[in-house]
Amino acid sequence: MGKMHYKRKLVIVFTIIGIVLGLYVYSAFSQKLTKSTDLSDESIGGFKVFDNISSPEFIREYGEPIDQDNNNAYDYYYWKGGLKTASIKTDEDKGEIMRLIISSTDDAQFENSLQTSKGIKLGSKKADVLSKYGDHYYKSYEQGADIIGYIDHKRNITLEFWCVPGGRVAEIRLDDADVI
């Protein structure tokens, strides 16, 4: 009985690992297969991926960070107005923005004035995203969110809209496509 129970546990563990790996590979693969969308004009809060949080323009707009998350890969900062950034931690590229995020909080689910260059903001309908950004998107599902993503292969940038049940945008991410 003990050996059979152990084997069953192993099968379950390897099945779960296989499913997780499969979803990760599928997500990465679907990005590569998705037709490119021109995201050259895309920004959040007036700033783009690869801008720098140490630039005079950024400092003038957002000042000092409100808070910071510890992360081995990037410096994650929270700024006034609900903006969150991930930036390079070291070397000559320190402060270069790799990810811009607008997300809702439990207190104010869709209250945030920040938006994409095409006017999509928290609380926008999934149908509005599709009408403004088009049909060349990949889909993913993570943390309970239905994700619609656009990729600019030329610039290696992604724009993702994380939608909650009911089809409303609850988070927007503008990323360097290589950010994990």
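The values are calculated or read from the model by the stated rules, or taken from the named source; none is laboratory data. No experiment lies behind these values; they were computed from the predicted model shown. SASA here: full protein model, heavy atoms, side chains in, ligands and nucleic acids out. Shrake-Rupley method; radii C 1.70, N 1.55, O 1.52, S 1.80 Å.
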Three-way shape label, the range 69-162, alpha-carbon gyration tensor, a/c 1.5: oblate
Share of carbon and sulfur in the accessible heavy-atom surface of the range 121-179 [1.4 Å probe, %]: 45 percent
Accessible area per residue, Å², the range 61-180 with all protein chains present, probe 1.4 Å: 53 Å²
14 Å Cα-Cα reach of K35 towards aspartates and glutamates, excluding residues that sit fewer than 8 places from it in its own chain: D135, D152
Heavy-atom accessible surface of the range 37-119: percent carbon and sulfur, 1.4 Å: 41 percent
Computed lengthening from S54 to L130, 0.36 nm per intervening residue step minus Cα-Cα distance: 24.0 nm
Cross-link table K94/K126; K9/K139; K7/K139; K94/K125; K80/K126, entries beyond 28 Å C-alpha to C-alpha: K94/K126; K9/K139; K7/K139; K94/K125
